[in-house]
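Accompanying notes for the structure given below.
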Amino acid sequence: MKRLMIFFTLMVLLTACSVQTSNNYERNVYHNVLLLKKDSVPPSFFPKDLEILAIGDSLTEGIGDTTNSGGYTSFLENRLLERREVGSVKIINYGVQGHTTNDLLLRISKDIPKELVASADSVIITIGGNDILQVVQNHFMNLSYEPFNLERDKYKQRLQLIIDRIRNMNQEAQIYVVGLYNPFIHIGEIFGDIDLVISSWNQITKNLLSEYDNTTFIEIEDIFKNSNENLLYNDDFHPNTRGYELISARIEEYME
């Protein structure tokens, strides 16, 4: 009887040890699964806060926008905010009506804070229309292609200096240069095909930007040439509100 009791007791102890060992093993396996290293979350998962510096002439200032909300910049801000990967958008507007490449070159050296240029994710430039307008004003009674061609070469040199100065302050920002369009409807009847002048200046800008990394030319000439809508303000020079809306849509298409 005693032997049976001892045998029974030993069997119970061995069973308990076996169960405990099994449970410990299961807990250890479960514990190890929880400690597996997780993949890092890619930066693109988090919405990005964008800072954009807009510089240039009246197209950046928004002259002709009857809503007085900043021309293309306000439309662009709303468009970018619709993107899932964008958290917030801050567009700093340094556009000034009447500015030429000469004016912008001086302003980017003296008036525009260097820290704004340095911190910008993107720089958008509208410039060149007033350079052409000066040629028209200076040679209005005797317009020909020659003065436009001479001024075009000077325009290229100044635009190159502008881009170089931006690059010296910010190596990473994407630089966008918005092309020219033809607002000189009445002058076209006097001078001939002003479209050739606009296209020539746009091509010079394209060729220049192709020499730089992270620069983009944004074509808008076709927007005004091919539209059945009236896209000009009542001064027949600046875009109207609808014109700015279409410009912003084109810029947003090109932005990474």
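Odds and ends about this structure:
- Filter result (in a strand (DSSP E or B) and surrounded by 24 or more Cβ atoms within 10 Å (Cβ to Cβ)) within the range 43-73: Leu53, Ala54, Ile55, Gly56
- Which numbered condition Lys225 misses (of (1) touching a His at 6+ places or on another chain (Cβ under 9 Å); (2) surrounded by fewer than 16 Cβ atoms within 10 Å (Cβ to Cβ)): (1)
- The requirement of being at pLDDT 95 or above, over 26 Å from Arg167 (Cα atoms) and under 19 Å from the mean Cα position of the chain (by Cα) is not satisfied by Arg83.
- Being under 22 Å from Gly98 (Cα atoms), within 19 Å of the chain's Cα centre (by Cα), buried (at least 17 other Cβ atoms within 10 Å of the Cβ) and among the acidic types (Asp, Glu) is a property that Glu151 lacks.
- Among the conditions (1) at pLDDT below 95; (2) over 24 Å from Ile63 (Cβ atoms); (3) charged (D, E, K, R), the only one that Asp235 does not satisfy is (2).
- Among the residues of the range 82-119, those identified as among the charged types (D, E, K, R) and part of a helix (DSSP H, G or I) are Asp103, Arg107, Lys110, Lys114, Glu115.
- Taking the range 167-256 as the region of interest, the helices (runs of 4 or more DSSP H) fully inside it that hold 3 or more residues being more than 26 Å from Leu143 (Cβ to Cβ) are 241-254.
- Any chance Tyr155 is at pLDDT 95 or above, under 16 Å from Val177 (Cα atoms) and in a strand (DSSP E or B): no
The values are calculated or read from the model by the stated rules, or taken from the named source; none is laboratory data. It should be emphasised that the depicted structure is a prediction, and the values quoted were computed from it without experimental measurement. Here Cβ is always computed from backbone atoms with ideal geometry, including for glycine, and neighbour counts include all displayed protein chains.
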